[in-house]
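The values are calculated or read from the model by the stated rules, or taken from the named source; none is laboratory data. Not measured: the values here are computed from a predicted model. Glycine also receives a Cβ, built like all others from the backbone with ideal geometry; neighbour counts cover every protein chain displayed.
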Amino acid sequence: MNGFDTTQRFFRPTDVSRLRRNQRQIQIARLLVVLRNAAFVVVIGVVAIGVYRNVHNGSRFAVRQIEVGGAVHAPRAALDAVTQRYLGANLFDLDIARVQNDLRGVSWIRAVNVEKKLPGTLRINVVERKAVALVQRSDRLAYVDEDGVTFAELSPHVGDEDLPIIADASGEELARSIALVRDLRTRDPQVYSRISEVKPIAPKSFALFDRELGAFVYANAEDVSAKWRTLYGVMRAENLGANAIEYADLRFNDRIVVKPKGSLRTGHENPTTQGVANAQD
């Protein structure tokens, strides 16, 4: 290499002033980025505060209209008394759970769905309870649903819709009676439609008044439908119509007991599930 030192170009003196200038430029650039981001956050915050105040404090989103659907039997005055208190409330601040809870306190109301519609409408759809029977309490009658909830007194406006009356029942006996009525209504509408009164008899029986026969029928819940149809067949076979018997008893495993009125007698004494035993006084 003729004495030429190639390492000298790798060990040139450092330009300190230049490095310092570069570092200052980098720091200034970083600071500008931080300031820019901070300014952006501040602007967003100011805008958000303005929007929040406009939404929550302004009158633009105040509740001006309340729409209620699904109410047929629920008293309109009671519904209005609850809903009117929310007029003027801010739609965004409105507590839906509170509205639902307030409306569930109105008779006939089982469930409530609430929808907010901008800018100022509250839509409410109610689901009413369905009465399966009437419960007799002293000299009053009240509707009861399939859950056993007594929710409103008998109303001339609503009527009874031929609902059976559950009499002389409370506590477990009432629950047992409601279960019987509910099951008959679902599984055997024909038998359900004939029953006008239900009286529980401990531990598992019932006295059921058949409005077509004009008499009480005693039965157990587990086989009431099958036994009742057997009774219909026997009544037809014996030419026994309405008001011809004092009562029928379906609680026996091997017979149906019928007590005719007056001198009427059945023609069967066969103690089978298809036969009839004539009840004596």
Check your understanding: Within the range 148-160, can one find any residue that is touching a residue at least 60 places away in the same chain (Cβ under 8 Å), within 27 Å of PHE61 (Cα to Cα) and in a loop (DSSP other than H, G, I, E, B)?
Key -> no
Point to revise | Index of the failed condition, SER59 passing every other in (1) in a loop (DSSP other than H, G, I, E, B); (2) touching a residue at least 60 places away in the same chain (Cβ under 8 Å) | key: (2)
Practice item. Inspect the range 152-169 for any residue being outside the structural domain of ARG110 (by TED's automatic domain parsing), out of contact with any helix residue (DSSP H, G or I) (no Cβ under 7 Å at 6 or more places or on another chain) and more than 26 Å from TRP108 (Cβ to Cβ) and give the result as yes or no. Key: no
Review point. Does at least one position in the range 78-101 carry a residue that is surrounded by 12 or more Cβ atoms within 10 Å (Cβ to Cβ), closer than 30 Å to ASP188 by Cα and in contact with a strand residue (DSSP E or B) (Cβ under 8 Å, 6 or more places away or on another chain)?
Key: no
